[in-house]
Amino acid sequence: MGFRHSVFISYRNGRFEQGTLNTVANQLYTALCNEMEMWNIGDMFMPVFLDQQAMRGAPLINDIFSEAVYYSCTFIVVFTPNYFSNRSPFCASELEGMLRREQEFRQLLQNNNISCIIPIILRGRDQIPDLLTVRRYYADFCDFDPDVEGTPPIHRHPKLKPLVREIVEYIDSVSANLRNQEGELCRNSANFVLIDFESQEGLQEITNFIDTNRPNRPPYPHLY
């Protein structure tokens, strides 16, 4: 079995179905799918993976997300300052898993330049951790606010639509390289699992990962 998804979208699932985070994630999903129809990656089983049903916390959810990360070529981080959260470590667990996959890709293909993680900065430009700033590609969506009346969705936005096209071009390039060797890269799925933070050992492991990579919040400016 080969790759199923060209990209996995990881974002902090909002508490409100129509909240800003969920709206942005769904608009990004639509924009990527629309653009991918014109690229080779559009013929994959499910080109874009997004948790649109708020499945986190459901039975067997760790198995579902482990499989989705494992069979994804690339990984988008929709970064907000609460992405690395000890109270809700789902995003951190997904990212940690993709970092392990990326390292596997580099070792098996003997290419340390492979960069599968694509940060999209939604909020918090000054709080991006080092492991994201060193990426070969990232996009800045900080000025986008879908709640402002008259703001077009991402797939019609005059500034963001060109960025989506660049992102898809990058995904297509990385995916083409990986899919040439997918038999080798996807043969050990049974040995891959995201950190299970429901266990004491897993909770400590993901807490260490979060504390290591979450930057300190910058001091608030004085307001006079």
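Ordering PHE49, SER175, PRO153 by Cα displacement along the dipole of segment 5-213 toward the positive end leaves PRO153 in first place; charges were set at the Cβ atoms of Lys, Arg (+1) and Asp, Glu (-1). Shape of segment 120-172 from its Cα gyration tensor (a ≥ b ≥ c, root eigenvalues): rounded if a/c is under 1.5, otherwise prolate when a/b > b/c, or oblate? The shape class here is oblate.
Near ILE76, the amide H atoms lying under 5 Å from its own belong to PHE8, ILE9, SER10, ILE118; only residues 5 or more places off or on other chains count, and H is placed 1.01 Å from N. Here segment 111-224 is treated with +1 on each Lys and Arg Cβ and -1 on each Asp and Glu Cβ, and its dipole about the Cα centre works out to around 420 debye. With the helix formula -39500 (n - 2.57) applied to DSSP H stretches of n ≥ 4, the chain reaches a computed 222 nm mean residue ellipticity of -12500 deg cm²/dmol. Computed about its Cα centre, the charge dipole of the chain is approximately 340 debye, with only Lys, Arg, Asp and Glu carrying charge at their Cβ. Here the gap between ASP140 and THR207, fully extended at 0.36 nm per residue and compared with their Cα-Cα distance, gives a gain of 21.4 nm.
When the gyration tensor of the chain is built from Cα positions, what are the square roots of 5 times its three eigenvalues, in whole Å, from largest to smallest?
Working through the eigenvalues yields semi-axes of 26, 23, 17 Å.
Read-outs throughout are calculated quantities, based only on the coordinates presented, and are distinct from any laboratory measurement. Note that this is a predicted model, so its numbers are computed, not measured. When we count neighbours, we look across all protein chains shown, and the Cβ atoms used for this are built from the backbone with ideal geometry, even at glycine.
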